[in-house]
Amino acid sequence: MPRAPHSASNTLLNPRWIVTALLVLLLAGVCVQLGRWQLHRLDERKSRNEVTRSNLAAPPAPVAEIVGPDRVVGQQHDWRTVVVTGRYDAAKQVVIRYRNISDRPGFEIVTPLMLTDGTAILVDRGFLPRQGGELAPTSVPAVPSGEVTVTGRLRRSEQGGHTSGGVPVDGTARLINGPDFSKALDLSLYDGYVTVDRQEPAADSAFDGFPGPEIDDGPHFFYALQWFFFALMAIGGLFYFSRRDVQEDKVAEAGGSEPAELVSTDHSID
């Protein structure tokens with residue numbers, strides 16, 4: 001008997017194609033969401049850049065006036081110029097390891113500055129380039145004796161996920177984190193720290209300064225375009241291969257059909 005005429009639905013509605021289509025659509029949806037996430041990060045970065053530009057342009061002010069009584073340096077305070085006066089506590093100084101400035105590895109030296117109200121703030125006194133393969137700086141410039149006035153930039157406490165890199169151990173740490181330092185050093189510290197721009201008396205010339213912030217939009221827009229392109233590729237691929245399979249099935253169906261003419265049979269007896 002002749003076969004039923006071929007239909008595209010016979011190919012595309014079989015279980016294999018249904019599962020494939022669902023997986024491809026799921027993949028495309030994930031790519032679209034990742035693209036939207038990158039655009040959201042771009043908006044966040046633009047907002048943060050506006051705050052940074054405003055803070056960089058603002059005049060210096062006492063840290064207590066900027067941060068407030070909770071003593072928490074937030075994103076709205078990042079890169080704000082502050083002035084703090086106090087005395088360094090060299091006995092509780094911490095060496096920050098695994099630092100890198102302008103592709104140079106080295107260390108940063110963080111020393112608590114004791115303020116007149118009994119609190120303290122961490123001061124990143126500067127960067128010491130690593131000499132050879134040393135695991136710790138061979139010498140650290142001494143802190144000035146007596147009262148010191150520091151003019152510098154406020155920075156938020158560094159976060160390292162679930163690691164303990166912000167807890168000083170044997171005078172060293174990997175992160176500068178006010179709450180972690182506060183517990184380890186037994187001090188009432190600000191949640192945040194200050195990087196030195198100027199200091200009176202002057203900072204030791206062995207220290208290198210710090211670069212300013214990167215104020216740009218970053219790669220988020222191009223990452224978003226990539227994810228949206230991947231989504232289009234997934235949908236386009238599904239459409240292409242579905243058409244190809246339908247065409248191949250039509251060709252196979254046409255090649256395997258029975259001939260239309262009837263074959264006669266001769267039953268005569270000679």
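The values are calculated or read from the model by the stated rules, or taken from the named source; none is laboratory data. Please read these numbers as outputs of a predicted model, since none were measured by experiment. Glycine gets a Cβ as well: all are built from the backbone with ideal geometry, and neighbour counts include every protein chain shown. The area values use the complete protein model at the heavy-atom level, side chains included, leaving out ligands, DNA and RNA. Shrake-Rupley method; radii C 1.70, N 1.55, O 1.52, S 1.80 Å.
Using the Stokes-Einstein relation with a Kirkwood hydrodynamic radius computed over Cα pairs, the translational diffusion coefficient of the stretch 100-178 at 20 °C and a viscosity of 1.002 mPa s comes to 149 µm²/s. Counting every alpha-carbon pair across the stretch 157-240, the share separated by more than 23 Å comes to 57%. Computed from backbone phi with θ = phi - 60° and the Karplus coefficients 6.51, -1.76 and 1.60, the 3J(HN,Hα) list for the stretch 141-153 is x, 5, 6, x, 7, x, 6, 10, 10, 10, 10, x, 9 Hz; x is used for glycine and proline.
Taking the inverse of the mean 1/r over every pair of distinct Cα atoms in the stretch 72-208 gives a Kirkwood hydrodynamic radius of 15.0 Å. Computed with a 1.4 Å probe over protein heavy atoms only, the accessible surface of the stretch 33-161 comes to 51 Å² per residue. For the listed peptides 129-136, 144-151, a ranking on the average number of other beta carbons within 10 Å per residue, highest first, reads 144-151, 129-136. One decimal place: the segment THR172-ARG48 gains 41.6 nm when fully extended, by the rule 0.36 nm per residue minus the C-alpha distance.
Protein heavy-atom surface of the stretch 1-136, 1.4 angstrom probe: 58% of the accessible area is carbon and sulfur, with nucleic acids and ligands not counted.
Using the Cβ-Cβ distance between PHE229 and ALA57 with R0 = 45 Å, the FRET efficiency computed as 1/(1 + (r/R0)^6) comes to roughly 0.70.
One chain, two ends: ASP89 and TRP17. Fully extended at 0.36 nm per residue, the span grows by 18.9 nm beyond their Cα-Cα distance.
Computed as a quarter of the hull surface, the mean projected area of the alpha carbon convex hull for the stretch 79-129 stands at 4.3 nm².
Taking every alpha-carbon pair in the stretch 183-231 and binning the separations at 5 Å intervals from zero gives 4, 12, 12, 10, 12, 14, 8, 9, 9, 7, 3, 1 percent. Taking N as the number of residues in the stretch 43-103, what is its alpha-carbon radius of gyration divided by 2.2 N^0.38 Å? Its radius of gyration relative to the 2.2 N^0.38 Å reference: 1.42.
In order along the stretch 120-130, the Karplus-derived 3J(HN,Hα) couplings, from 6.51 cos²θ - 1.76 cosθ + 1.60 at θ = phi - 60°, round to 9, 9, 6, 10, 7, 6, x, 10, 10, x, 6 Hz, and Gly and Pro are given as x.
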